[in-house]
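J.: This is the structure, below, for whatever I ask next.
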Amino acid sequence: MANILIVDDEETFARNAAKFLEKGGHSVRVALTAADGLEACAAFGPDLVVLDYRLPDMDGLMVIGRIRRLDPEVPILMITGHGSIELAVDAMKAGANDLLTKPVALGELRQRIGLLTERQRESSRLRYFEARERDAGQLESLVGDSTVMCELRERIRRIAGIEAREALPPVLIIGETGTGKELVARATHFCSERRDKPFVEVNCAALPANLLESELFGHERGAFTDARERKLGLLEAADGGSLFLDEIGEMDRGLQAKLLKVIEDGRVRRLGAVQERQVNVRIVAATNQDLEDHIRLGLFRADLYFRLRVLQINVPPLRERVGDSLQLARHFLVEFGQRYRKSGLAFTPAAEAALVSHPWPGNVRELRNLVEQAVLFVSGASIGPGDLLLPRSPEARPAELSAPGGAMSADVRGSALERVEREMLVQALAQTGGNVSRAARELGISRDTLRYRMEKYGIGAATTGH
Ligand SMILES: Nc1ncnc2c1ncn2[C@@H]1O[C@H](COP(=O)(O)OP(=O)(O)OP(=O)(O)O)[C@@H](O)[C@H]1O
Ligand SMILES: [Mg+2]
């Protein structure tokens, strides 16, 4: 039950209430003056305070204020001698959570205390979930204890620790598709002093150059035909925090020059504006492309590249993280097991062997999708190699599939899987507005593979609604 502090100078009432509440399982302390009450509050950290408004040594509102300074969260149940509305309003404004008027019925007191402590538990649960959500951007969300991943976390920690009043060096995150660059970008922000400031992300491949420019820099009213209202750019919106430019390799060269200027002097000018504004934003850029190749092809500016890569983070492909594929697979198994209410699932040794030996061209994304599918469609308590949609070489094919009698069930499973696969392709295409490259990336397969499968299942642009 709850630890309760009663602060009331009417000793008989205070002692009776204490006895009554103790019978109900609470543990109670009594203070007869405000000074003693505050001292007890500091020393004993109650779960709830029952506070008399009229105390001999201090004004009720002041006591509330002092308690709040000691503990901003503890519920305060005020007891007043007379039911004045103004007093109630003042008390609530000062930070009381509930109010009872004298004479107080003990049953009523107990009931209010029950409600308040329940509400308090609920809101601390909410805070816990918020904190967990925040943690999702932190280092712990990067699963994997391989040496390369430990080194990666250490590097993120160091880079996140770098601060500057102006011209904070940008961060460049490089890695193959599906390696976790987005998680790394979040971690660089949420591990840094900037964590309470905005983390704004924008995908440079998702918008045509002129739109991206107005997203980043904002515009004044009338800056161009469609600019009916003034709009704050993302660089300004991210002030004090970080701006994550995903797929930076896709940014138009003209915009690259403007970005470089912002990185160097921290000044942005909205489209159509005369004045520049100073911003303090950490630029975090990511790409799965070879920027040096892009430079050779004239697609990427060398000067921006050299500026970006001062703080570079290389995210290793999954095949180079010894031991991680299994650890990640088990992690995702728990995650999806909970999500789809199939907890207690496990991989068979053969499935684990298959997970370890697969080269994972689509990296963690491919692995995650695979485990999700397996969880969705497995019927027993264990996931065997046949439940994993891994491409298998004929000699590695498990005996049960080539054995007579096994072939039939494999066929049935094959067609069910095909329906699922088709559905996943359609969904991915719908979600990306029919963009084959992006859909392929989402699915963790190559664009050619996606095209081939779209053909196989007769999925055309029309199926996706575009
Ligand atoms: N180390 C990891 N631990 C847990 N989950 C991970 C890890 N790495 C990646 N993931 C998950 O894998 C998926 C793909 O990761 P992410 O989107 O960050 O890849 P990416 O490197 O940005 O790929 P792309 O270049 O295609 O955009 C996400 O669902 C992400 O949460
Ligand atoms: Mg990404």
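J.: How many residues are within 22 Å of the chain's Cα centre (by Cα) and open to solvent by 40 Å² or more (accessible area, probe 1.4 Å) if we restrict to the range 356-371?
T.: Residues meeting the conditions: 2.
J.: Can residue 144 be described as open to solvent by less than 40 Å² (accessible area, probe 1.4 Å), within 16 Å of ligand 1 (Cβ to nearest atom), modelled with pLDDT of 85 or more and not in a strand (DSSP E or B)?
T.: Here the answer is yes, as residue 144 does meet what is asked.
J.: Out of the residues in the range 265-277 that are open to solvent by 60 Å² or more (accessible area, probe 1.4 Å) and touching a residue at least 24 places away in the same chain (Cβ under 8 Å), which is nearest to residue 238 (Cα to Cα)?
T.: Filtering first and then ranking leaves 277.
J.: Return only the number of the condition from (1) of a type in the set (A, V, I, L, M); (2) touching a helix residue (DSSP H, G or I) at 6+ places or on another chain (Cβ under 7 Å); (3) open to solvent by less than 70 Å² (accessible area, probe 1.4 Å) that residue 346 does not satisfy.
T.: (2)
J.: Does the range 237-264 hold any residues that are away from ligand 2 (no atom under 16 Å from the Cβ) and open to solvent by 30 Å² or more (accessible area, probe 1.4 Å), and which are they?
T.: Residues satisfying the conditions are 237, 239, 252, 253, 254, 257, 258, 261, 264.
J.: For the range 180-198, name all the residues that are open to solvent by 40 Å² or more (accessible area, probe 1.4 Å) and within 16 Å of ligand 2 (Cβ to nearest atom).
T.: 182, 183, 186
J.: Is it true that residue 211 is within 14 Å of ligand 1 (Cβ to nearest atom) and either assigned to a strand (DSSP E or B) or over 20 Å from residue 305 (Cα atoms) (or both)?
T.: Answer is no for this residue.
J.: Oh, and also: Determine whether residue 283 is in contact with a Ser or Thr (Cβ under 8 Å, 6 or more places away or on another chain), within 16 Å of ligand 1 (Cβ to nearest atom) and under 22 Å from residue 199 (Cβ atoms).
T.: For residue 283, the condition - in contact with a Ser or Thr (Cβ under 8 Å, 6 or more places away or on another chain), within 16 Å of ligand 1 (Cβ to nearest atom) and under 22 Å from residue 199 (Cβ atoms) - is not met.
J.: Let me ask something additional. Filter the range 291-327 for residues that are of a type outside the set (Phe, Trp, Tyr), open to solvent by 70 Å² or more (accessible area, probe 1.4 Å) and free of Cβ contacts under 8 Å to residues at least 40 places away in the same chain and give the result.
T.: Listed by number, the residues that qualify are 292, 296, 297.
J.: Something else: If you go through the range 28-63 one residue at a time, how many are open to solvent by less than 40 Å² (accessible area, probe 1.4 Å), touching a Phe, Trp or Tyr at 6+ places or on another chain (Cβ under 9 Å) and in a helix (DSSP H, G or I)?
T.: Residues in the range 28-63 being open to solvent by less than 40 Å² (accessible area, probe 1.4 Å), touching a Phe, Trp or Tyr at 6+ places or on another chain (Cβ under 9 Å) and in a helix (DSSP H, G or I): 2 in total.
J.: Would you mind finding the one in 160, 205 that is at pLDDT below 95, in the same structural domain as residue 305 (by TED's automatic domain parsing) and within 16 Å of ligand 2 (Cβ to nearest atom)?
T.: 205
J.: On the basis of being at pLDDT 80 or above and either more than 32 Å from the chain's Cα centre (by Cα) or buried (at least 17 other Cβ atoms within 10 Å of the Cβ) (or both), does residue 453 make the cut?
T.: yes
The values are calculated or read from the model by the stated rules, or taken from the named source; none is laboratory data. Since the structure is predicted, the reported quantities are computational estimates derived from the model, not experimental observations. For neighbour counting, all protein chains shown are included, and Cβ atoms are generated from backbone atoms with ideal geometry for every residue, glycine included. Only protein heavy atoms, including side chains, enter the accessible area calculation; ligands, DNA and RNA are left aside. Shrake-Rupley method; radii C 1.70, N 1.55, O 1.52, S 1.80 Å.
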